[in-house]
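S.K.: One structure is given below, represented as structure tokens, and several questions about it will come after.
The values are calculated or read from the model by the stated rules, or taken from the named source; none is laboratory data. Predicted model, so just to flag it, every value in this text is computed and none were measured. Cβ: placed from backbone, ideal geometry, glycine included. Neighbour counts: every protein chain shown. SASA here: full protein model, heavy atoms, side chains in, ligands and nucleic acids out. Shrake-Rupley method; radii C 1.70, N 1.55, O 1.52, S 1.80 Å.
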Amino acid sequence: MHPQPIIEIGSFRIYPYGVCMAVGILACFGFLLYTMWKKKFNEDASDKILFIGLFGTGFGIFSAMLFQATYNYIANPSRGFVLGDSMTFIGGLIGGVVSFLGVYWLYIYVIAPRTRVKMLQNNMNATLTDALPFIPIGIAIAHSFGRLGCFFGGCCYGLETDAWFGLYCAKNYNPTTGAVYMGSKVIPTQLFECVFLALLAIIMIILYFKFKFNYNFGVYAVSYGIWRFVIEYFRADARGVLIPGVPLYPSQIWSIVMVLLGIGYFFLQYYVLSKHMKHPELKISVEKPAKPNDGEKAGVSE
């Protein structure tokens, strides 16, 4: 655990959690950019999907804080509504996906058909349906780094344990004195999830690039939904309340929703989305017919 800053210049501090989060986002967009290049997305398609993705990422971070602040307020209204104390990934995922889809469809169906600005016109040779099979790989990569950041930051830790895999968790850090309270040995749920997400990303990469599998969004939603539902029982940090009186943590309720949506996505992809994919990497350019030689022009045969 390393909750204290790794770089500190006056009041300016850089924490390992922030570094891991930044590296995860860069790795995510680097992977998406590489995949779009490999799959022959043209510059217009790549730029617009990445730009909308950046907007979705920013809104997702805000949504992650908003969801957690709402959970905390429901659990303890007397503390007031405090935004920015902590985040929840599923809240960020929901906000990021919804905002991404909203802006994308706004551009495709409202802005592009009506604009005269060339850079805003739709000249993409691929659609979002072509990107959906590999977007969840980027999400899993970013999330894996994020969970590594949680480990350094001392959040999202597990129950106390005496098992061999137990690690001391830095549950509290005083930025004024620099004192760190390590607490007891706990289950390193952050590291377990970090490894799980890395393996999930590898599996989806193999499915997509080797087997041309286009259902990774469903794989991601179902797999992570099940994992998150189970791992919540081994976590010990406060996560707030979504529905008072319901014996489930907020993330478990959203995990059930994720699994159901993931199952639905398999049918949506098979019956609807697959018909709208352009597959730019499969399009073969029509070669110009070879020019006849001089002998052929003169009608001379050998």
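S.K.: Can residue 30 be described as open to solvent by less than 50 Å² (accessible area, probe 1.4 Å), within 30 Å of residue 191 (Cβ to Cβ) and of a type outside the set (Asp, Glu)?
M.R.: Details: open to solvent by less than 50 Å² (accessible area, probe 1.4 Å): yes; within 30 Å of residue 191 (Cβ to Cβ): yes; of a type outside the set (Asp, Glu): yes.
Against the criterion (open to solvent by less than 50 Å² (accessible area, probe 1.4 Å), within 30 Å of residue 191 (Cβ to Cβ) and of a type outside the set (Asp, Glu)), residue 30 qualifies.
S.K.: What's the number of the only condition in (1) touching a residue at least 60 places away in the same chain (Cβ under 8 Å); (2) of a type in the set (A, V, I, L, M, F, W, C); (3) open to solvent by 40 Å² or more (accessible area, probe 1.4 Å) that residue 62 fails to meet?
M.R.: Going through (1) touching a residue at least 60 places away in the same chain (Cβ under 8 Å); (2) of a type in the set (A, V, I, L, M, F, W, C); (3) open to solvent by 40 Å² or more (accessible area, probe 1.4 Å) one by one, residue 62 breaks only (1).
S.K.: For the list (1) outside any helix (DSSP H, G or I); (2) modelled with pLDDT of 85 or more; (3) crowded, with 20+ Cβ neighbours inside 10 Å, I need the number of the one condition that residue 1 fails.
M.R.: (2)
Here is a yes/no grid of residues against (1) open to solvent by less than 20 Å² (accessible area, probe 1.4 Å); (2) assigned to a helix (DSSP H, G or I); (3) under 30 Å from residue 213 (Cα atoms):
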residue	(1), (2), (3)
104	yes, yes, yes
113	no, no, no
122	no, no, yes
125	no, no, yes
130	yes, yes, yes
144	yes, yes, yes
148	no, yes, yes
155	no, no, no
163	no, no, no
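S.K.: Having 1 or more residues that are farther than 21 Å from residue 65 by Cα and either aliphatic (A, V, I, L, M) or modelled with pLDDT of 95 or more (or both) is the bar; report the helices (runs of 4 or more DSSP H) wholly within segment 204-302 that clear it.
M.R.: Working: elements: 216-231, 250-271, 294-297.
Fully inside segment 204-302 and qualifying: 216-231, 250-271.
S.K.: Only residues that are over 17 Å from residue 25 (Cα atoms) and either free of Cβ contacts under 8 Å to residues at least 40 places away in the same chain or out of contact with any helix residue (DSSP H, G or I) (no Cβ under 8 Å at 6 or more places or on another chain) (or both): list them for segment 74-90, please. First the steps, then the outcome.
M.R.: To start, the set of residues in segment 74-90 that are over 17 Å from residue 25 (Cα atoms) comprises 74-86.
If the condition is that a residue be over 17 Å from residue 25 (Cα atoms) and either free of Cβ contacts under 8 Å to residues at least 40 places away in the same chain or out of contact with any helix residue (DSSP H, G or I) (no Cβ under 8 Å at 6 or more places or on another chain) (or both), then 74, 75, 76, 77, 78, 79, 80, 81, 82, 83, 84, 85 are the ones that fit.
S.K.: Is at least one residue of segment 92-107 of a type in the set (A, V, I, L, M, F, W, C), over 20 Å from residue 217 (Cβ atoms) and over 12 Å from the mean Cα position of the chain (by Cα)? Please lay out each step first, then the result.
M.R.: Kept after step one, since they are of a type in the set (A, V, I, L, M, F, W, C), are these residues of segment 92-107: 93-94, 97-98, 100-101, 103, 105-106.
With over 20 Å from residue 217 (Cβ atoms) added as a condition, the list becomes 106.
Next, from what is left, pick out any that are over 12 Å from the mean Cα position of the chain (by Cα): 106.
So far as segment 92-107 goes, yes, one or more of its residues are of a type in the set (A, V, I, L, M, F, W, C), over 20 Å from residue 217 (Cβ atoms) and over 12 Å from the mean Cα position of the chain (by Cα).
S.K.: Ok, one more. Going through segment 95-126 one residue at a time, which ones are of a type in the set (Val, Ile, Thr) and modelled with pLDDT of 95 or more? Spell out the reasoning first.
M.R.: If we filter segment 95-126 for residues that are of a type in the set (Val, Ile, Thr), which is where we start, we get 97-98, 103, 108, 110-111, 115, 117.
Selection gives 97, 98, 103, 108, 110, 111.
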